[in-house]
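Inspection log for the structure reproduced underneath, given as structure tokens.
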Amino acid sequence: MENKYFTFIGPIAAGKGTQAEILCKKYGMYHLSTGQIFRDAMAEETEMGLKVKNIMDNGFLVPDAITNEVVKEKLSSIDLSKGFILDGYPRTINQVYALQDTLSYFNISLSKAALITIAEEETIRRISGRFSCAKCGYNYHDEFNLPKVEGVCDNCGSHEFKRRSDDKPEIVKTRLKQYFSEVQPIIDFYKEKKLLVELEATNLSVEEVTKELEKLLF
């Protein structure tokens with residue numbers, strides 16, 4: 001298989017991370033989630049990692065410039081010949097241009113940008129049912145993934161759970177509007193470059209989405 005370099009685009013809860021994890025495991029690629037990249041950089045206490053920690057500890061969003069540098073730093077530390085899927089990056093058009101420059105620096109280029117979409121009602125259903133263990137952060141869902149024993153965390157045995165305040169349906173709708181206003185220039189860019197592939201996944205199972213993505217990407 002020739003080297004593959006993908007980015008997955010889509011609204012919250014569209015399944016980007018799940019699909020990236022499945023495909024990367026199957027094809028021996030790197031799953032590069034910006035959230036995980038930030039956590040790794042902070043754990044390794046790199047210069048960029050310390051900057052990110054300071055920003056996040058103070059409740060601010062990580063600026064594009066630092067996000068771009070952290071991604072570049074991560075790419076310099078992996079075997080690029082294995083390929084990768086970027087999950088959660090780029091999120092802004094400025095990050096798109098930065099990614100182009102970074103990939104050029106490593107003498108590689110993006111193979112495809114996969115846009116995975118689901119209906120707004122499905123997004124709300126997936127998001128509003130989420131909750132997690134207050135102690136270890138293990139994730140659950142009212143409909144898809146309840147604890148095996150009611151009121152007891154499968155992972156650590158805690159009896160305390162929490163829900164994110166921004167997972168309420170009315171707030172999810174606002175988050176979606178903001179997302180689509182920000183993502184459209186990214187979609188337009190990759191469409192113009194003939195790199196965009198699209199998958200409407202509302203009524204598909206996880207397995208079906210995986211199969212469709214394989215047809216589009218591999």
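If I filter region 160-173 for residues that are touching a His at 6+ places or on another chain (Cβ under 8 Å) and not aliphatic (A, V, I, L, M), do I get at least one hit?
no
Mind listing whichever residues of region 70-83 are hydrophobic (A, V, I, L, M, F, W, C) and assigned to a helix (DSSP H, G or I)? Talk me through it step by step, then tell me what you get.
Initially, region 70-83 is screened for residues hydrophobic (A, V, I, L, M, F, W, C), giving 70-71, 75, 78, 80.
Residues satisfying the conditions are VAL70, VAL71, LEU75, LEU80.
Here is a list: ILE55, ILE85. Which entry is without any contact (Cβ under 8 Å) to a residue 12 or more places away in the chain and open to solvent by less than 70 Å² (accessible area, probe 1.4 Å)? If you could, list the steps in order and put the result at the bottom.
Working: ILE85 fails: without any contact (Cβ under 8 Å) to a residue 12 or more places away in the chain.
After applying the criteria, what remains is ILE55.
What helices (runs of 4 or more DSSP H) lie completely within region 117-218 and have 2 or more residues being open to solvent by less than 80 Å² (accessible area, probe 1.4 Å) and touching a strand residue (DSSP E or B) at 6+ places or on another chain (Cβ under 8 Å)?
Where helices (runs of 4 or more DSSP H) fall fully within region 117-218 and carry at least 2 residues being open to solvent by less than 80 Å² (accessible area, probe 1.4 Å) and touching a strand residue (DSSP E or B) at 6+ places or on another chain (Cβ under 8 Å), they are 169-192, 206-217.
Does any residue in region 88-112 that is open to solvent by 30 Å² or more (accessible area, probe 1.4 Å) come within less than 7 Å, Cβ to Cβ, of a residue that is modelled with pLDDT of 95 or more and among the β-branched types (Val, Ile, Thr) six or more places away or on a different chain, and which pairs are these?
Here the result reads ILE93/ILE186; LYS112/VAL197, each pair linking region 88-112 to a residue that is modelled with pLDDT of 95 or more and among the β-branched types (Val, Ile, Thr).
The values are calculated or read from the model by the stated rules, or taken from the named source; none is laboratory data. Since the model is a prediction, treat every value here as computed from it, not as a measurement. Heads up, the Cβs are rebuilt from the backbone with ideal geometry, glycines too, and the neighbour counts pull from every protein chain shown. Heads up: the accessible areas ignore ligands, DNA and RNA and are worked out on the full protein's heavy atoms, side chains in. Shrake-Rupley method; radii C 1.70, N 1.55, O 1.52, S 1.80 Å.
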